[in-house]
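**Q** Just dropping this structure here.
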Amino acid sequence: MDKQARIFVAGHRGMVGSALVRRLKAAGYENIVTRTKAHLDLTDQGGVNLFFEENQIDVVFLAAARVGGILANSTMPASFIYENLAIETNVIHAACRWNVSKLVFFGSSCIYPKACPQPIKEEYLLQSELEPTNEAYAIAKIAGLKMCEAYNRQYGTHFVSLMPTNLYGPNDNYDLKSSHVLPALMRKAHEAKLRGDATLPVWGTGSPRREFLHVDDLADAAAFLMESDVNEGVFNVGVGDDLTIRELAQTVCRVVGFEGELVFDASKPDGTPRKLLDVSKLESMGWKASIALEEGIRATYGDFLERYASMPRTLVTA
Ligand code: GFB
């Protein structure tokens, strides 16, 4: 891969996009193109088309997306389906029109059916019903990967899709109304420790199982795919192992140093019972995750502490 290639990282301010920029810069890529939302609204079709017309982009990482945890997904389904469909439609179509040589699209493990056999292979897609709490987001992400396949078939483009499991790492969202479980528990445990609380509220029953991938591992997998001669397909990315939400909460508390008791709130949704990815397809090509969960959570807690002072404090705590 030419180190001078013009690489557009869409969504560079997010957790995934910022990890990609770090990874690409470390590998010596010199022409990384980014735009803030104020300068380029990816839901604006005309603006996106003009951006591609003017910028001779060689490679696209489509990491821009409306994302959120179980509560945000279930209460704002219209925003999740509209914004993600608009971003995907505009960027994928313009990338084809303006002759981008390779595009990596990022989806999510929630695209797979709720009652999937575990671990989940790529070919289980669309075999049965989706998990209702994130159906709108999943439909949008399925549309994105199907667009990549359709453009490859009709126009001979080289668009590949990565389906990461639940992600965490530096630059995560710590707003408790919209965050995923790992950053939410980190913040709650930290604040409970500061207040000297005896208990920590955890949503749901604690029994769902989740797999967690450090975002630097995802960025590494994406760079690996970009540099490979693979030009189509869907690839799961994960660590190949999962744990219960209870075990995750215990791990986060150990890292943060909160010694109180976990209290489960079964009035909050559990979501899908399990979504462990089968990662053998990417592994057979020679890529494997390398950051162990507790080590990754420790590093992420360091990042959280640096950001904590500047976080708004008007957030819900339950
Ligand atoms: O990470 P999370 O919001 O999303 O929740 P999903 C995972 C599990 O953790 C659920 C529980 O069973 C939650 O009830 N949980 C416990 C908490 N305490 C908390 C908390 O304080 N905050 C949050 N957020 N959860 C999302 C999808 O599903 O995952 C998206 O909605 C996407 O579409 C994303 O796929 C990766 O893993 O259930």
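**Q** Quick one: what pairs do we get from the range 235-262, first residue touching a residue at least 40 places away in the same chain (Cβ under 8 Å) and part of a helix (DSSP H, G or I), second of a type outside the set (Gly, Ala, Ser) and within 12 Å of the ligand (Cβ to nearest atom), C-beta under 6 Å, 6+ apart or different chains?
**A** From the range 235-262, the pairs are Ile245/Pro208; Ala249/Leu185; Ala249/Val202; Ala249/Leu262; Val252/Leu185; Val252/Met186.
**Q** While we're on this one: Taking the criterion of being in a loop (DSSP other than H, G, I, E, B), surrounded by fewer than 19 Cβ atoms within 10 Å (Cβ to Cβ) and in contact (Cβ under 8 Å) with a residue 24 or more places away in the chain, would at least one residue in the range 216-228 satisfy it?
**A** The answer is yes; a qualifying residue exists.
**Q** Further question on the same structure: Look at Ala86 and say whether it is in a helix (DSSP H, G or I), away from the ligand (no atom under 15 Å from the Cβ) and touching a helix residue (DSSP H, G or I) at 6+ places or on another chain (Cβ under 7 Å).
**A** Answer is no for this residue.
**Q** Within the set of pairs 6+ apart or on separate chains, which have a first residue in the range 178-194 that is touching a residue at least 24 places away in the same chain (Cβ under 8 Å) and among the aliphatic types (A, V, I, L, M), a second that is within 12 Å of the ligand (Cβ to nearest atom) and part of a loop (DSSP other than H, G, I, E, B), and C-beta atoms under 8 Å apart?
**A** Taking only residues 6 or more apart or on different chains, the pairs are Val181/Gly69; Leu182/Asp172; Ala184/Gly69; Ala184/Tyr174; Ala184/Leu176; Met186/Tyr174.
**Q** Could you figure out which of (1) in contact with a helix residue (DSSP H, G or I) (Cβ under 7 Å, 6 or more places away or on another chain); (2) farther than 22 Å from Gly17 by Cα; (3) assigned to a loop (DSSP other than H, G, I, E, B) isn't true of Asn173?
**A** Here Asn173 clears every test but (2).
**Q** Only one of Val48, Val21 is without any contact (Cβ under 8 Å) to a residue 40 or more places away in the chain and in a helix (DSSP H, G or I); which?
**A** The match here is Val21.
**Q** Further, regarding this structure: Go over the candidates Val91, Val104, Val100 one by one and state the one that is assigned to a loop (DSSP other than H, G, I, E, B), among the β-branched types (Val, Ile, Thr) and closer than 18 Å to Glu149 by Cβ.
**A** Only one candidate qualifies: Val100.
**Q** Just to check your reading of the model, which residue among Asp229, Asp216 is over 29 Å from Ala150 (Cβ atoms) and more than 16 Å from the ligand (Cβ to nearest atom)?
**A** Asp216
**Q** Also: Name the residues in the range 272-311 that are within 19 Å of the chain's Cα centre (by Cα), in a helix (DSSP H, G or I) and among the aromatic types (Phe, Trp, Tyr), would you?
**A** Tyr301, Phe304
**Q** Which ones in the range 106-116 are closer than 23 Å to Ala221 by Cβ and of a type outside the set (S, T, N, Q)?
**A** Phe106, Gly107, Cys110, Ile111, Tyr112, Cys116
**Q** Right, here's the next one. Given the criteria more than 16 Å from Val16 (Cβ to Cβ) and surrounded by fewer than 18 Cβ atoms within 10 Å (Cβ to Cβ), does Leu243 qualify?
**A** The answer is yes for Leu243.
**Q** Of all residues in the range 227-271, count the ones that are of a type in the set (Ser, Thr, Tyr) and under 20 Å from the mean Cα position of the chain (by Cα).
**A** Total meeting the criteria: 1.
**Q** Turning to a different aspect of this structure: For the range 54-83, name all the residues that are within 16 Å of the ligand (Cβ to nearest atom), out of contact with any Phe, Trp or Tyr (no Cβ under 6 Å at 6 or more places or on another chain) and charged (D, E, K, R).
**A** Residue satisfying the conditions is Glu83 alone.
**Q** Look through the range 184-213, keep the residues that are part of a strand (DSSP E or B) and in contact with a Pro (Cβ under 9 Å, 6 or more places away or on another chain), and return whichever of them is nearest to the ligand (Cβ to nearest atom).
**A** Only one residue tops the list, namely Trp203.
**Q** Filter the range 89-121 down to residues that are more than 16 Å from the ligand (Cβ to nearest atom) and within 17 Å of the chain's Cα centre (by Cα) and give me whichever is nearest to Gly69 (Cα to Cα).
**A** Restricting to residues being more than 16 Å from the ligand (Cβ to nearest atom) and within 17 Å of the chain's Cα centre (by Cα), the top hit is Val104.
**Q** Is it the case that Ser161 is under 24 Å from Ser18 (Cα atoms) and part of a loop (DSSP other than H, G, I, E, B)?
**A** Judged against the criteria, Ser161 is not a match.
**Q** Sticking with this structure for a sec: Only one residue in Arg153, Arg195, Arg209 is in contact with a Ser or Thr (Cβ under 6 Å, 6 or more places away or on another chain), surrounded by fewer than 19 Cβ atoms within 10 Å (Cβ to Cβ) and farther than 22 Å from Met15 by Cα. Which one?
**A** Arg209
None of the figures in this text is laboratory data; all of them are computed from the coordinates on show. Please read these numbers as outputs of a predicted model, since none were measured by experiment. Cβ: placed from backbone, ideal geometry, glycine included. Neighbour counts: every protein chain shown.
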